[in-house]
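Take a look at the structure below.
The values are calculated or read from the model by the stated rules, or taken from the named source; none is laboratory data. These numbers come from a predicted model, not from an experiment. In this analysis, Cβ positions are derived from the backbone assuming ideal geometry, glycine residues included, and neighbour counts consider all displayed protein chains.
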Amino acid sequence: MFGKLIPIFVILLLDICLVSAKELLVVTVATKETDGFRRFMNSAKKYDLPVLVVGMGEEWDGGDVARFAGGGHKLNLLKDALAKYADREDLVLLYTDSYDVVFTNGTTDIMIKYDNFNARVVFSAEGFCWPDHTLSKEYPTVGATEKRFLNSGGYIGVAKDIVEILNHRKVDNRDDDQLYFTKIFLDKALRLKWDIRLDTKSLIFQNLNGALGEVMLKFKGDRSFMYNVKTRQVSSLVHGNGPIKPEFNRIANYLADGWTKSSGCLSCNKNVLSLADTKLPDYPNVMIAIFVESSVPFIEEFFEKVYRMNYPTSNIDLFIHNSILIFFFSFIFFFPLFSFSLYFLFPFIFFFPLFSFPFSKRNEFLFSS
């Protein structure tokens with residue numbers, strides 16, 4: 001029996017040695033230290049991933065990439081920062097966006113998956129052909145459960161190849177970075193030259209735009225992770241690309257073991273301000289912003305909990321943004337139940353003419369102490 005186990009042990013040991021033969025460096029571009037950036041860095045730190053941040057403090061000149069094509073500035077920043085790795089065959093670079101990305105695993109997991117691709121460079125994939133949908137017909141076909149189109153928010157490869165790809169041609173700051181990589185991938189000669197593949201099954205990169213119905217949060221002991229029910233895979237990082245930032249921000253609260261079955265909300269205990277030795281008049285002012293963007297149950301019970309919070313009301317500002325018509329009437333009928341207390345707790349100002357509501361899709365309130 002032991003004789004049969006020895007070859008298996010040798011194979012496993014060989015796999016570990018092969019994975020550790022190359023060094024992994026995470027690279028990202030960020031010009032401002034936003035909450036999303038700090039969330040990204042915290043997840044990288046949790047999994048001991050080394051991160052090179054490019055562009056911090058510089059003025060962004062790549063356009064509004066959240067809504068339009070653009071992002072060429074990102075490529076130009078990377079060209080300069082990664083030039084020193086142009087000859088490195090022993091270094092693997094993993095580029096990822098940062099403001100809307102969370103890591104869910106570390107170096108070993110990433111490198112094993114990368115090695116299994118048998119490719120020099122691997123780009124993340126999504127279900128939309130952006131920014132030029134007319135190029136969709138030029139893409140190779142993939143399986144029914146796979147994603148067909150390149151997404152430039154994440155890629156991994158040998159440093160030498162990544163640097164060559166970045167320097168393939170000149171790019172203006174306002175050019176689109178995804179279109180730049182797309183044209184390289186669709187050029188068969190270049191695709192073969194750099195041995196480029198797409199992560200069509202989201203093994204390393206899970207892009208969420210257009211895929212929210214295909215993934216689910218799972219919890220096991222002291223771990224939380226995202227599971228793709230279509231591909232039956234657990235990715236190494238999650239990217240809230242495109243116009244799904246509110247959903248991603250909600251999901252990200254649980255990722256990187258932010259909440260687990262065994263310990264509850266671990267992230268709730270981070271960056272906590274102790275008020276144990278602070279007198280009530282010196283408590284910090286708190287702005288509570290509540291965004292009601294979709295129809296949800298128990299809205300009255302939710303606001304009752306807000307009303308019953310144990311915090312000095314003189315130090316609370318409450319902002320409510322409501323997108324659901326029927327909830328406006330809930331507010332109208334709910335608040336008078338506590339009219340004396342609420343008006344005392346939160347003397348309020350309406351930021352819009354009340355009578356204009358029937359003609360408006362959204363409404364906002366500010367209750368200020």
Please pick out the residue among L78, L49, L25 that is at pLDDT 70 or above, surrounded by 13 or more Cβ atoms within 10 Å (Cβ to Cβ), assigned to a helix (DSSP H, G or I) and in contact with a helix residue (DSSP H, G or I) (Cβ under 9 Å, 6 or more places away or on another chain). L78
Filtered residues of segment 97-135 (kept if out of contact with any strand residue (DSSP E or B) (no Cβ under 7 Å at 6 or more places or on another chain) and assigned to a helix (DSSP H, G or I)): T108, D109, I112, K113, D115, N116, H133, T134, L135
Scan segment 226-238 and report the pairs whose first residue is assigned by TED's automatic domain parsing to the domain that holds F37 and touching a residue at least 24 places away in the same chain (Cβ under 8 Å) and whose second residue is part of a loop (DSSP other than H, G, I, E, B) and acidic (D, E), with Cβ atoms within less than 8 Å and a gap of 6+ or a chain change. T231/E146
Count of residues meeting criterion [of a type in the set (S, T, Y) and within 14 Å of S235 (Cβ to Cβ)] in segment 94-144: 4
If I filter segment 117-146 down to residues being charged (D, E, K, R) and closer than 29 Å to L82 by Cα, which single residue comes out as nearest to the chain's Cα centre (by Cα)? E126
Filtered residue count, segment 159-178, keeping only those that are surrounded by fewer than 20 Cβ atoms within 10 Å (Cβ to Cβ), touching a residue at least 60 places away in the same chain (Cβ under 8 Å) and either out of contact with any helix residue (DSSP H, G or I) (no Cβ under 8 Å at 6 or more places or on another chain) or not assigned by TED's automatic domain parsing to the domain that holds D90 (or both): 1
The number of residues in segment 246-276 that are on the phi < 0 side of the Ramachandran plot, outside any strand (DSSP E or B) and surrounded by 13 or more Cβ atoms within 10 Å (Cβ to Cβ) is 11
Can you give me the ranges of the strands (runs of 3 or more DSSP E) entirely in segment 152-245 with at least 2 residues that are among the aliphatic types (A, V, I, L, M)? 196-199, 215-220, 237-239
Any residue at all in segment 148-156 that's under 21 Å from Y114 (Cβ atoms) and either surrounded by fewer than 18 Cβ atoms within 10 Å (Cβ to Cβ) or basic (K, R) (or both)? yes
Please tell me if S263 is of a type in the set (S, T, Y) and closer than 16 Å to V101 by Cβ. no
Just checking, which of K147, K160 is closer than 19 Å to L24 by Cβ and at pLDDT 95 or above? K160
